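Inspection log for the structure reproduced underneath, given as structure tokens.
The values are calculated or read from the model by the stated rules, or taken from the named source; none is laboratory data. Note that the structure is predicted; figures quoted are calculated from it, not measured. Backbone-built Cβ (ideal geometry, glycine too); neighbour counts: all protein chains shown.
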Amino acid sequence: MAPKSREPFDAKIGGLSHDGRGVTRVDGKVWFVEGALPGEKVIVKPIRGKRSYSLGITETILDPSASRVEPRCAAFGVCGGCALQHLEYPNQLAFKKGSVIETFGAAGVQVPQDILQLQAEPWAYRRRARLGARLVPKKGGVLVGFRERNKSFITPLTHCPVIHPSVDPVLARMPQLIGQLSIPDQVPQIEVAAGENGTALVFRHLSPLTESDLSLLKQFAVQEGLLIYTQSKGPETVIPLDVSATPELFYTLKAFDLKISFSVTQFVQVNSAINELLVETAVDWLAPNEKDGVLDLFCGLGNFSLALARRAGQVLGVEGDESLVRKAEENASANGINNARFQARDLFSDSVLDWDPGHYSQVLVDPPRSGALDVLKNISSRLNPDRIAYVSCNPATLARDAAYLTGSGGYRLTKLAVADMFPHTAHIESAALFERSA
């Protein structure tokens, strides 16, 4: 039935959009429907319309998909943290693999016949998170949780099945803690960072904390076995409540005998198990030996560089954030690695087109969502490396860059992997290996 104005209507769902919404077409117009799965017949409640498409939400499921499951989280559908908990996990993996194949096809890039699927335990995996906090007297006080889907409101959470198990038990107690502070309306967020040796919570505060506030936070830290930090302004103002009893967080890459330290505000991959699999996969693909030099672009704090240094003759890691470069150098020293060096350089500046890093037979790139097209154009033509391993958090820019490399860049796409870094969400991590054409 065709929709009239904002009246609900029934529709058959044909597929999933890139962000996990059901897709249907009514009277020639595309509708994206939250909470609907492919093959289902649902009643859609219109939310808003645009010229080329409209948005709706599932009001009633008339004919459910055999792949539909009961979400573990009571807040699913409201909370913006997850988008796919209602889809059984094997089908989530299939959806993400299909999305990557479709995206590469749209870019005119043929994918390998065998695509590697990297997966791990899909629950309690988030070691990094940013929780919102807000004082809302009409809703009973302080709310703590993730943002609502497509809104700025806070979804109050007492339990989160995807967050690190050290944080989940204290979610229900955070509102009371913040409510007891002298500035309950001035604590907008709590950042979570979990290492293998502890879990840190960073409380952002817009007004000064009193001695009584600090005492309450210290009591909470002791009671819950957490490391508490405060942050009054930018990242440079993050300080531990107890300097003497706050160790630096770390994670390990067991296959390479590495212990990698990081500060509570520095970037590390959200999912530790998938990160290990990605590092092992990339190193295996490049297969460096003592004669090889490897260039690691967007190297961060040395996640891939240090693993590559265990196999290669030399490694140069390049990163735009100087604090991450210093941390990478510290991690190299702490792990007894002397064949890796690091350099701070803006890989998005115009100067990268003329940059000559020297000779490297292999390259690894792990860029942000915007991709790495300009630096790849320079590297592929100037260095002419034998292999390029590309780790991506955005299939669209990976496919775009792959189209260049397999076209005028002179490379073949020989391996492709889809890594489920963010189970139950529509986010897709992937990796590709390009080898120089004969």
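Among the helices (runs of 4 or more DSSP H) contained in the stretch 288-402, which hold 3 or more residues that are closer than 26 Å to residue 262 by Cβ and free of Cβ contacts under 8 Å to residues at least 60 places away in the same chain?
Details: elements: 305-309, 322-334, 373-382.
The qualifying helices (runs of 4 or more DSSP H) are 305-309, 322-334.
For residue 191, the conditions (1) buried (at least 22 other Cβ atoms within 10 Å of the Cβ); (2) assigned to a strand (DSSP E or B) are fulfilled apart from (1). Provide a single number: the residues in the stretch 265-281 that are part of a helix (DSSP H, G or I) and touching a Pro at 6+ places or on another chain (Cβ under 7 Å). Matching residues across the stretch 265-281 total 0.
Residue 152 falls short on exactly one of the conditions (1) assigned to a strand (DSSP E or B); (2) within 19 Å of residue 206 (Cα to Cα), and that condition is (1).
Summed over the stretch 109-143, residues that are basic (Lys, Arg) and under 21 Å from the mean Cα position of the chain (by Cα) total 4. Scanning the stretch 103-116 for residues that are without any contact (Cβ under 8 Å) to a residue 40 or more places away in the chain and not charged (D, E, K, R) returns 105, 113. Look at the stretch 14-36: where a residue is assigned by TED's automatic domain parsing to the domain that holds residue 59 and a partner is among the acidic types (Asp, Glu), sitting 6+ places away or on another chain with Cβ atoms under 6 Å, you get 21/34. Scanning the stretch 249-264 for residues that are surrounded by fewer than 17 Cβ atoms within 10 Å (Cβ to Cβ) and part of a loop (DSSP other than H, G, I, E, B) turns up just one, 257. Taken over the stretch 301-318, the criterion of being farther than 14 Å from residue 334 by Cβ, surrounded by 24 or more Cβ atoms within 10 Å (Cβ to Cβ) and not hydrophobic (A, V, I, L, M, F, W, C) is satisfied by 303, 317. Within the stretch 88-102, residues that are crowded, with 18+ Cβ neighbours inside 10 Å reach partners that are part of a helix (DSSP H, G or I) with beta carbons closer than 7 Å, at six or more positions or on different chains, in the pairs 99/395; 100/395. Could you list all residues from the stretch 226-248 that are under 15 Å from residue 177 (Cα atoms) and touching a residue at least 40 places away in the same chain (Cβ under 8 Å)? Once the filter is applied, which keeps residues that are under 15 Å from residue 177 (Cα atoms) and touching a residue at least 40 places away in the same chain (Cβ under 8 Å), the stretch 226-248 yields only 226. With respect to residue 192, is the statement that it is more than 18 Å from residue 136 (Cβ to Cβ) and at pLDDT 95 or above true? Here the answer is yes, as residue 192 does meet what is asked. Checking each residue in the stretch 137-159 for being of a type in the set (S, T, N, Q) and at positive phi picks out only 150. Kindly check whether there is at least one residue in the stretch 186-198 that is within 23 Å of the chain's Cα centre (by Cα), closer than 30 Å to residue 56 by Cβ and not basic (Lys, Arg). No, the stretch 186-198 contains no residue that is within 23 Å of the chain's Cα centre (by Cα), closer than 30 Å to residue 56 by Cβ and not basic (Lys, Arg).
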